[in-house]
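Please read the structure below before turning to the comments.
The numbers here are math on the coordinates, done by the rules we state, and not lab data. This is a predicted model, so every value here is computed, not measured. Backbone-built Cβ (ideal geometry, glycine too); neighbour counts: all protein chains shown.
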Amino acid sequence: MKFKLSKVIVVLLVAVMAGCSSTGDKQEGPVSIEDKGTTADGGAVTSGAAGSSSFGNYSLDDPNSPLAQRVIYFEYDSAEITMDGQELLIHHAGYLVANPGVHMTLEGHTDERGSREYNIALGDRRALSVQRVMELNGAAPEQITVVSYGEEKPAAEGNSEAAWRLNRRVELLY
């Protein structure tokens, strides 16, 4: 019952995102849909349900494809996925649905703040959040592997907010 309710909530979120027009407000943060994937009014282009055949037309090697973006960023001490991140994950889930032989590893990362144990758990929660969105959009559980590195593999060195922001992420590896 809980799974069905979660799936209904995600479907409703996708429908609301697809039906709403852009207000011109931009969400701050490094995750975004490239200009090639936006409508004239700035809204993100979505191709419908995750099982739609149009997802199979995206190439992993095309830098203009939404699949070229393979990092989801997070706020401090959070595993909540932004709306931009959810839109991006819909594209990746659709690609997995259209290509059932493809597998993906989700690597959870954190910044250096917090204990090693806490950061491993937080990286795991982040990767599991991404996995949940992918599966609710049609990706098969056997296509996805989750691993957490915590603070062990930083994308950026340093003790600044800019470095920490880049390290709070989940990387999608095909």
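List, in order, the whole-Hz ³J(HN,Hα) value for each residue of the range 165-172 obtained from phi through the Karplus relation with A = 6.51, B = -1.76, C = 1.60 and θ = phi - 60°; use x for Gly and Pro.
Using θ = phi - 60°, the values come out as 4, 6, 8, 8, 7, 10, 9, 9 Hz.
May I ask for the Kirkwood hydrodynamic radius of the range 50-173, worked out over all distinct Cα pairs and given in angstroms to one decimal?
Hydrodynamic radius (Kirkwood, Cα pairs) of the range 50-173 is 14.6 Å.
Given charges of +1 on the Cβ of Lys and Arg and -1 on the Cβ of Asp and Glu, with all other atoms neutral, how large is the dipole of the range 50-173 about its Cα centre, in debye to the nearest 20?
140
If amide H atoms are built 1.01 Å from N in the plane of the peptide, which residues on other chains or at least 5 residues away come under 5 Å of the amide H of Val146?
Leu106
Please give the FRET efficiency for Asp77 paired with Arg132, using the beta carbon to beta carbon distance and R0 = 25 Å, rounded to the nearest 0.05.
About 0.85, to the nearest 0.05.
Along the range 119-134, what does the Karplus equation 6.51 cos²θ - 1.76 cosθ + 1.60 (θ = phi - 60°) give for ³J(HN,Hα), rounded to whole Hz, x for Gly and Pro?
Karplus values, whole Hz, x for Gly and Pro: 5, 4, 5, 5, x, 5, 4, 4, 5, 5, 4, 5, 4, 4, 5, 4.
Can you tell me the length gained on complete extension of the stretch Ala155 to Ser59, counting 0.36 nm per residue apart and subtracting the Cα distance?
Difference between extended and current length: 32.1 nm.
Work through the residues other than Asn119 whose Cβ is under 9 Å from its Cβ and net out their charges, Lys, Arg +1 and Asp, Glu -1.
-3
With 10 angstrom as the radius, rank His91, His103 by how many other C-beta atoms surround their C-beta, starting from the fewest. Provide the component values of the computation, followed by the final result.
Numbers: His91 22, His103 14.
The most exposed by this proxy come first: His103, His91.
Hey, what do the phi angles of the range 75-86 turn into as Karplus ³J(HN,Hα) couplings, whole Hz, using 6.51/-1.76/1.60 and θ = phi - 60°, x for Gly and Pro?
Using θ = phi - 60°, the values come out as 6, 4, 6, 9, 10, 7, 8, 5, 4, 4, x, 5 Hz.
Roughly what % of DSSP beta bridges within the range 50-173 run antiparallel, to the nearest 5?
55
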